[in-house]
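J.: Okay, here's the structure, questions in a sec.
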Amino acid sequence: MNIIVCIKQVPAKDAPLAVAGNWIKESDIGFEMNEPDTYALEEALRLKEKHGGEVIALSLGPERVKQTIKEALAKGADRGIHIADDNFAQLDPLGAAKVLAAAIASQKCDLVLTGLQSDDHGFGQTGVLLAGLLNLPHATLIMQIEVLDGRLKLKRELEAGWFQWIECPLPAVLSIQSGINKVRYATLKGIMAAKKKEIAVVTRESLGVVIEPTQKIERIYVPTKTKKTEFLTGTPKEMAAKLVEKLKFEARVI
C-alpha cells in the first residue's frame, strides 16, 4: 500500500508571535510539524508496517519546510516531496489543495492522509477539497482504519460521544482525527537513515497550477483586553430578559 501524507510546517507552539501586516513575522520564531499531521503520519507508518508499500511525505512551503520532511523521514517515511513556494502562507485552502493535488496526481498511491486541520490557520478544509480535486472518495474524523479487499472500513468520530463505521473503496483521501494513535519519536537510527532518503523538489510553477484566490486575509491583530461591568435593574423577570438580550446580541454567545 502506497500512502502519501500531507504534512504542514507551522509556527512552534511556544513561539512569540508578532503580527506583520496580514501574517506573522517569521524571522525570529521556530517552526515544527503541524500536530494533527503527526497523527496522520503515524497512521500511515502503521499501515505500511502491516500491509507493506511505502510512505511519501508531501509538504508545501519555503526551504525551511525540508526540515519537517526530514523529521517525517526519520520517523520512517520512505521519501519526501517538497513543493517549493516562498509565498505559500498567502494561499487559501483551495489554492493549497490545487497545488497538492497536482503533485499527488503524478504519483501512484492507494491512500492520501491529512491531519484534520492546521494549527495556524485552522480552516480544516484542505483534505476535503483535495479529495474533490482528485475525484476520490473522502472521509473525515477518522479514528480507526481497517484495510479489506480493495476497500477500507473506517471508524469516524461524531458528536456527543457517538461513532460511525463506514466503508469506502480505494484509492481514497482521509482526514485523520488527532488522538487516533500514539505518535512515535524519531530514533537515532532513523535520523541517520533519513540523510540517505530522497527529497524531490518541485516548484509550484512547474506543476502548472493557476491560483485564483477565493478568500483573503485582510488583517491579523491581537484582541484588545477590556473590562466592563454593567448592572441590570428592574424586576427579576425584566433583568433576566435584559441579560438574555445582551448575551444574544452583544456577547453573541447564545
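The values are calculated or read from the model by the stated rules, or taken from the named source; none is laboratory data. Computed from a predicted model, the values in this text were never measured in an experiment. With ideal geometry, Cβ positions are generated from the backbone for all residues, glycine too; neighbour counts draw on all protein chains shown.
J.: Do the conditions hold for Lys228, that is, is it without any contact (Cβ under 8 Å) to a residue 60 or more places away in the chain, touching a Gly at 6+ places or on another chain (Cβ under 9 Å) and either loosely packed, with under 12 Cβ neighbours inside 10 Å or of a type in the set (Lys, Arg) (or both)? Give the steps one after another, and end with the answer.
T.: Details: without any contact (Cβ under 8 Å) to a residue 60 or more places away in the chain: yes; touching a Gly at 6+ places or on another chain (Cβ under 9 Å): no; either loosely packed, with under 12 Cβ neighbours inside 10 Å or of a type in the set (Lys, Arg) (or both): yes.
No: the conditions fail for Lys228.
J.: Continuing with the same structure: When the residues of the range 83-123 are narrowed to those that are assigned to a loop (DSSP other than H, G, I, E, B) and without any contact (Cβ under 8 Å) to a residue 60 or more places away in the chain, which ends up farthest from Leu133 (Cα to Cα)?
T.: Ranking the candidates gives Asp86 first.
J.: Look through the range 219-238, keep the residues that are under 24 Å from Ala18 (Cα atoms), out of contact with any strand residue (DSSP E or B) (no Cβ under 9 Å at 6 or more places or on another chain) and not basic (Lys, Arg), and return whichever of them is modelled with the lowest pLDDT.
T.: Checking each candidate, the answer is Pro223.
J.: Could you please let me know if Leu73 is modelled with pLDDT under 90, surrounded by 15 or more Cβ atoms within 10 Å (Cβ to Cβ) and closer than 19 Å to Phe31 by Cβ? First the steps, then the outcome.
T.: Details: modelled with pLDDT under 90: no; surrounded by 15 or more Cβ atoms within 10 Å (Cβ to Cβ): yes; closer than 19 Å to Phe31 by Cβ: yes.
No; evaluated as a whole, the condition is false for this residue.
J.: Give the residue that is surrounded by the fewest Cβ atoms within 10 Å (Cβ to Cβ), with candidates limited to residues of the range 124-167 that are assigned to a loop (DSSP other than H, G, I, E, B) and among the polar types (S, T, N, Q). Walk me through how you get there before you give the answer.
T.: Kept after step one, since they are assigned to a loop (DSSP other than H, G, I, E, B), are these residues of the range 124-167: 124-125, 135-137, 148-150, 158-162.
In the following step, the residues that additionally are among the polar types (S, T, N, Q) were identified as 125, 135.
On the way: Gln125: 17, Asn135: 7.
By that ranking, first place goes to Asn135.
J.: Collect the residues in the range 160-202 that are basic (Lys, Arg), more than 17 Å from Ile69 (Cβ to Cβ) and touching a residue at least 12 places away in the same chain (Cβ under 8 Å), keeping them in residue-number order.
T.: We begin by selecting, within the range 160-202, every residue basic (Lys, Arg); these are 182, 184, 189, 195-197.
Restricting the remaining residues to those that are more than 17 Å from Ile69 (Cβ to Cβ) gives 182, 189.
Answer for the range 160-202, where residues must be basic (Lys, Arg), more than 17 Å from Ile69 (Cβ to Cβ) and touching a residue at least 12 places away in the same chain (Cβ under 8 Å): just Lys182.
J.: So which residues in the range 231-247 are part of a loop (DSSP other than H, G, I, E, B) and either loosely packed, with under 11 Cβ neighbours inside 10 Å or polar (S, T, N, Q) (or both)? I'd like the intermediate steps shown before the answer.
T.: Initial filter on the range 231-247 (part of a loop (DSSP other than H, G, I, E, B)): 231-235.
Residues satisfying the conditions are Phe231, Thr233, Gly234, Thr235.
J.: If we keep just the residues of the range 1-60 that are over 19 Å from the mean Cα position of the chain (by Cα) and in a strand (DSSP E or B), which is surrounded by the most Cβ atoms within 10 Å (Cβ to Cβ)?
T.: Among those residues, the one meeting the criterion is Asn2.
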